[in-house]
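Below is one structure, written out as structure tokens, with a few remarks after it.
The values are calculated or read from the model by the stated rules, or taken from the named source; none is laboratory data. Because the structure is predicted, anything quoted here is derived from the model rather than measured. Don't worry about glycine lacking a Cβ; one is built from the backbone with ideal geometry, like all the others, and counts go over all protein chains shown.
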Amino acid sequence: METAIKYSVLIVDDNPNDVVITKMVLSRIDHNMKVEAAFRGEDALELLRSGEVLPSLIFLDLKMPGMSGLDFLRKLRADERMKHIPVIVVTSSSLEADEKGSCAAGADGFLHKAFDIDKFSKDIKSFVDRWLKS
């Protein structure tokens, strides 16, 4: 018997290794979660605008070539159809200005990319529990 997909998550990150790690962590949290990825902000917006079903949660890299994570977030928040989607900024930046800028642009959370996979897994799980399972 096939189990229905309960949630969908979009990962927007230009680093393929970070996408693979995040997908792996999410699959451990819930096998019934659909996970898609876009490697550029422009591609993510196109995917969201063309899709009938929007993701339940977005994990967004801050520093990307082309459209930055902040620019993507501002465009998302300006769109009536998509502005409600929770967005967690995931970045290796340790600058306080990046965290403040993310919050000002409408981020729902801020997560530092951890070199410790266990810590990263716990952090991702806490956001999934908060935004998808509440």
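Looking at this structure, is residue 37 outside any strand (DSSP E or B) and within 13 Å of the chain's Cα centre (by Cα)?
When the stated conditions are applied, residue 37 does not pass them.
Where the second residue is in a loop (DSSP other than H, G, I, E, B) and aliphatic (A, V, I, L, M) and the first is free of Cβ contacts under 8 Å to residues at least 12 places away in the same chain and lies in the range 122-134, which pairs have Cβ atoms under 8 Å and are six or more apart or on separate chains?
none
Confirm whether residue 26 is without any contact (Cβ under 8 Å) to a residue 40 or more places away in the chain and not in a loop (DSSP other than H, G, I, E, B).
Judged against the criteria, residue 26 is not a match.
Can you name the number of the only condition in (1) over 14 Å from the mean Cα position of the chain (by Cα); (2) surrounded by 12 or more Cβ atoms within 10 Å (Cβ to Cβ); (3) free of Cβ contacts under 8 Å to residues at least 24 places away in the same chain that residue 109 fails?
(1)
Give just the number: which of (1) assigned to a loop (DSSP other than H, G, I, E, B); (2) surrounded by 13 or more Cβ atoms within 10 Å (Cβ to Cβ) does residue 52 not satisfy?
(2)
Quick one: would you say residue 26 is at pLDDT 95 or above, within 23 Å of residue 7 (Cβ to Cβ) and crowded, with 20+ Cβ neighbours inside 10 Å?
So residue 26 does not fit the description; no.
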